[in-house]
1. Take the conditions in a loop (DSSP other than H, G, I, E, B), closer than 30 Å to SER125 by Cβ and at pLDDT below 80 and apply them to SER62. Does it pass?
2. Can you tell me which residue in the stretch 107-119 is surrounded by the most Cβ atoms within 10 Å (Cβ to Cβ), limited to those that are farther than 15 Å from GLY97 by Cβ and more than 27 Å from the chain's Cα centre (by Cα)?
3. Only one residue in GLY97, GLY25, GLY16 is modelled with pLDDT under 75 and open to solvent by less than 70 Å² (accessible area, probe 1.4 Å), so which one is that?
4. Going by what's in this entry, would ASN50 be described as in a helix (DSSP H, G or I) and either modelled with pLDDT of 65 or more or within 30 Å of THR116 (Cα to Cα) (or both)?
Amino acid sequence: MKESSGAINTQTLIYGSVVFCNVCGNLLENPADKDLVICLACGETKDGHNFENIETVTVTSSDAFPSILKNKRSLVQGEVSEESNMATIEELCAKCGNNQMTFYTMQLRSADEGQTVFYKCTKCSYQYRVNN
């Protein structure tokens, strides 16, 4: 095992939220709370204190990790475009007393159960849903 001497430039070891060995380029284990970080490929060691105040920020897009389950879920839930699929009905708003609301229905539960009705007040935009 090689022992590193002196301070290291952590900027050259870090890419995104992962840390690499600066000798062989291998991905290092998470250095958090470790006194010594050892590269499992080449044996290079780093003082764990060099990695202490590193802020890790991870950002992904909604389609970064596609899966069969997620695809099925999005098919079931669907998306309702505002106002295009809504009808207007005389229904009393519990929040402002307005007697006109828009509504739409979706089948969220199993097929042998009723649909869910989503209501939205045309005056104050108060929303609620009812399972039929």
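1. Taking the combined requirement at face value, the residue satisfies it.
2. The selected residue is VAL117.
3. Answer to the selection: GLY16.
4. Judged against the criteria, ASN50 is a match.
The values are calculated or read from the model by the stated rules, or taken from the named source; none is laboratory data. What you see is a predicted model; the values in this text were computed from it and never measured. Note: ideal-geometry Cβ built from the backbone for every residue, glycine included; neighbour counts use all protein chains shown. Note: accessible area is taken over every heavy atom of the protein model, side chains too, but ligands, DNA and RNA are not part of it. Shrake-Rupley method; radii C 1.70, N 1.55, O 1.52, S 1.80 Å.
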